[in-house]
Amino acid sequence: MHSIDNGIFEYSVNDRRTHLFENLWEIPRGVSYNCYMVVGTEHTALLDTVENGWGGDFLSSVENVLNGRELDYLVINHIEPDHSGEIGNILRRFPDVKVVGNGQTKKILAHYYDVKDEQFCEVKDGNIISLGDKTLRFHITPWLHWPETMMTYWVEGQFLFSGDAFGTFGATNGSLTDDTCRLEDYESEMRRYYANIVGKYGMMVQRALDKLKDVQVKALCPLHGPVWKRDAERVVALYDKWSRYEGDNEVVIIYGSMYNNTAAMADRIATRLAECGIKGVSVLDSSKTPLSEIVSEVFRCRYVVLGSCAYNGGMFPRMEFVCSTLKSLCITDRRTALFGGYSWAGGGVRTLKEFVGEIGWQPVTDPVEVQGLATAEKLGVLDTIAEAIASQLEIRN
């Protein structure tokens, strides 16, 4: 464990082997699993653990910090297995430890670990535990992103141990705090983490931010990524923006194509946008681009252009998967336009229209379809999409 303040220690391990986080989301830059120890003059507390199998020296590190003292409290801010994996080992090594969590924690905990009723210390919003010279206060923040999630606040030092909130994909590469790294190095990975892991619960994030608005924070200590000291306010501001679904005035084009005709349509829209002076357009092939990156770009961009060839009377399967995921994440307040290709009866654009109606996005112009080969002559009809978006962006800018 490494000291990050007087009596505050962090244990962090970097996972660069796992290909898919939650066996679903790509993590090419890896991910870190963090937990923290708070050592007071009278009592000690371990805040969460790490994923089982990644803390090879975990128990010895805990014992080294304790230096012969007992572990008095194990605080569970989040019981998801990547943070609770070492709980069993802690309970066996420290059988008298008090396990601290809220009522929902207790319900879920019973299905993972054998914690006796008399061993569990249930806390409610605003409850405190004194460690002597250090006080821990608990803030219940459900659905960030499980029902039991909460945060622990070190009152005297103004450190907020925030669970999954304010975390990020990406191994820490030796930088445990932002004293030795930059937020810019992590912002895209933080957005991708937020969009795919927490993004569905924007309303609950807003409630948590409102609850914590008067809490002075000198350091954010998440369960993934660096501890944010210098950039704590900026990190909170990003979460506030993303949880309001406030996209930047930029454009992402997402398409599904079998034989490059719909792909050619996407490129035509992007080219015309560039000709209209719109910079930084992102064009993503749903068959090749990782889903987590697509979701992250939709969180980033206010204008989302969707294209699909027809496939079995509906949209292209990969686009159907993309749309299903976006719908489940409840992303609101997007401007959209639709396009696609077909050979006989169509169906791709029709089902895209159904998706847009269900999710409540606002079309900026009528959909455009091209039948058969996407020749230069046929592609000209797509300019209406680019010009409608460019017109709105000019007004907004």
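Residues in the stretch 356-388 that are touching a strand residue (DSSP E or B) at 6+ places or on another chain (Cβ under 8 Å) and closer than 18 Å to residue 332 by Cβ: 356, 361, 362, 363, 364. For the stretch 168-197, the tally of residues that are in a loop (DSSP other than H, G, I, E, B), among the hydrophobic types (A, V, I, L, M, F, W, C) and touching a Gly at 6+ places or on another chain (Cβ under 9 Å) stands at 3. Being closer than 29 Å to residue 200 by Cα, in a helix (DSSP H, G or I) and in contact with a Pro (Cβ under 9 Å, 6 or more places away or on another chain) holds for only one residue in 352, 326, 338, and it is 352.
Every test in (1) crowded, with 19+ Cβ neighbours inside 10 Å; (2) part of a loop (DSSP other than H, G, I, E, B); (3) of a type in the set (Asp, Glu) is passed by residue 333 save one, and that test is (1).
Just one of the listed residues (279, 288) is at pLDDT below 95, in a loop (DSSP other than H, G, I, E, B), more than 18 Å from residue 373 (Cβ to Cβ) and basic (Lys, Arg), namely 279. Consider residue 136 carefully, then state whether it is part of a strand (DSSP E or B), under 15 Å from residue 35 (Cβ atoms) and either of a type in the set (Val, Ile, Thr) or modelled with pLDDT of 95 or more (or both). Spelling it out, residue 136 is indeed part of a strand (DSSP E or B), under 15 Å from residue 35 (Cβ atoms) and either of a type in the set (Val, Ile, Thr) or modelled with pLDDT of 95 or more (or both). Residue-level check: of (1) touching a helix residue (DSSP H, G or I) at 6+ places or on another chain (Cβ under 6 Å); (2) within 23 Å of residue 194 (Cβ to Cβ), residue 300 misses just (1).
Residues that are touching a residue at least 40 places away in the same chain (Cβ under 8 Å) and closer than 17 Å to residue 223 by Cβ: does the stretch 113-122 have at least one? No.
In the stretch 178-225, of all residues being over 22 Å from residue 81 (Cβ atoms) and touching a strand residue (DSSP E or B) at 6+ places or on another chain (Cβ under 6 Å), the one that is surrounded by the most Cβ atoms within 10 Å (Cβ to Cβ) corresponds to 220. Restricting attention to the stretch 92-151, the residues that are of a type in the set (A, V, I, L, M, F, W, C), farther than 20 Å from residue 208 by Cβ and surrounded by 14 or more Cβ atoms within 10 Å (Cβ to Cβ) add up to 9. Within the stretch 49-101, being among the aliphatic types (A, V, I, L, M), outside any loop (DSSP other than H, G, I, E, B) and in contact (Cβ under 8 Å) with a residue 40 or more places away in the chain holds for 62, 65, 75, 90, 100.
I'd like the full set of residues that are part of a loop (DSSP other than H, G, I, E, B) and within 15 Å of the chain's Cα centre (by Cα), limited to the stretch 30-44.
Result: 30, single match.
Need the failing condition index for residue 165 against (1) at pLDDT 95 or above; (2) out of contact with any Phe, Trp or Tyr (no Cβ under 6 Å at 6 or more places or on another chain); (3) assigned to a helix (DSSP H, G or I), just the number. All conditions pass for residue 165, except number (3). Taking the residues in the stretch 75-88 that are touching a helix residue (DSSP H, G or I) at 6+ places or on another chain (Cβ under 6 Å) and over 16 Å from residue 129 (Cβ atoms) as candidates, determine which candidate is surrounded by the fewest Cβ atoms within 10 Å (Cβ to Cβ). That would be 79.
The values are calculated or read from the model by the stated rules, or taken from the named source; none is laboratory data. Just so it is clear, the model here is predicted, and its values are computed rather than measured. Cβ: placed from backbone, ideal geometry, glycine included. Neighbour counts: every protein chain shown.
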